[in-house]
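What follows draws every value from the coordinates through simple rules; no lab data is involved. In this text, all values refer to a predicted model and were calculated from it rather than measured experimentally. Quick reminder, even Gly has a Cβ in these numbers, built from the backbone with ideal geometry, and neighbours come from all protein chains shown.
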Ligand SMILES: [Zn+2]
Ligand SMILES: [Zn+2]
């Protein structure tokens, strides 16, 4: 009974409103609220009255913002996202994302968007009031309004930073091990630049990079990132990757849980480097499918060595072998497919076809002194020779 009555009452009110709107539409464009007749209309009010009455759009009045005080990343929908620049810039980006997702145009607005966010300086946790400029469109009429959002800023240490601090939570370790001698500083610098060049997501998975006695250990959260790092190292220097898996338990859904160890034996020497191998000096030429190619300085022959056998090798100073089998040549000209040198010890001219020169010294400078080694009809130019003035 009463429900029927209520329905009729509602219907009657709706009919009256509809009739009033009809009258306004047909007989005038005078705003029924402010009485102006020179404004565009949105619904049954002028644009100004519409915005003051209903607003352009609804956005959340209050938002929580949690960021990591160590790395500046912030929490969004349960995930940690890399920050941009300082805290204020990051908060501004975060608000743009969240508010654009949650913005709801009011009844007669077709679309609404966040035009501007004015964060101001965020120096410490607490409550910040942020001005948000909203724009909207209704037919051809564009309207705007400024709203204030209350942002509760809190800081914490994100999971990757806390793992990094305690070095726990890693699921993989990339063990970078030199094939010959220790890793020098140039090599370590190249290693850093490889890690820097990984994408932000992969980089954030690295928990720590530690120099250990045998080389460098890279602790990684994600095992796939560890595989990527190992393959990048191998692509850069050559060498072998061996994997082992240490089970530490089982996953809730079945399957093994544990630490993946990827040992990367890298060829940390460049072509032309003089190394000791089996107790005698050899020139390192390059990697082969089974190991590396070396030139035996004493016997004047090439040998293929396995990486494991290089473990006891070390890098030698080629200058110490001058006169033994290494000569010093002065480069004089590059003419007609040949290179011309002067053999300093004999004072004789040497002409070598370009195709028979293996150049490890970068580009040759006329007048420069170079350490060279002759094997059969091949001339190995090993590097620049340090020659005293007046020689
Ligand atoms: Zn009005
Ligand atoms: Zn962090």
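With only Cα atoms counted, the chain has Rg and Dmax values of 37.0, 124 Å. Neighbour counts of other Cβ atoms within 10 Å put 66, 248 in the fewest-to-most order 248, 66.
Each of 330, 270 was scored by other Cβ atoms within 10 Å of its Cβ. Listed from fewest to most, they are 270, 330. Take the Cα of residue 211, step 7 Å toward its Cβ, do the same at residue 342, and the gap between the two points is 4.3 nm. Annotation: peptides 288-295, 226-233, ranked by per-residue average of other Cβ atoms within 10 Å with the highest first, follow the order 226-233, 288-295.
Relative contact order for the chain using alpha-carbon pairs under 8 Å, separation at least 6, rounded to a whole percent?
Computed value for the chain: 9 percent relative contact order.
Where a ≥ b ≥ c are the square roots of the eigenvalues of the C-alpha gyration tensor, would you call the stretch 44-156 rounded, which needs a/c under 1.5, or, failing that, prolate if a/b is larger than b/c, or oblate? Verdict is prolate for the stretch 44-156.
When the helices of the chain are scored as -39500 (n - 2.57) per DSSP H run of n ≥ 4 and the total is divided over every residue, the value at 222 nm lands at -7000 deg cm²/dmol. Once the C-beta distance of residue 278 and residue 320 is scaled by a Förster radius of 30 Å, the resulting FRET efficiency is 0.95 to the nearest 0.05. Taking the fewest neighbouring Cβ atoms within 10 Å as the starting point, the ordered list for 129, 76, 282 is 129, 76, 282. Kirkwood hydrodynamic radius of the stretch 167-266, from the reciprocal of the average inverse Cα-Cα distance over all distinct pairs: 13.9 Å.
Considering only beta bridges that DSSP places wholly inside the stretch 132-268, some 80 percent are antiparallel. Across the stretch 194-226, the residues whose backbone nitrogen lies under 17 Å from the label position 7 Å along the beta-carbon direction of residue 235 are 194-203, 224-226. In the chain, the longest principal axis of the Cα atoms and the axis of helix 223-237 are about 40 degrees apart.
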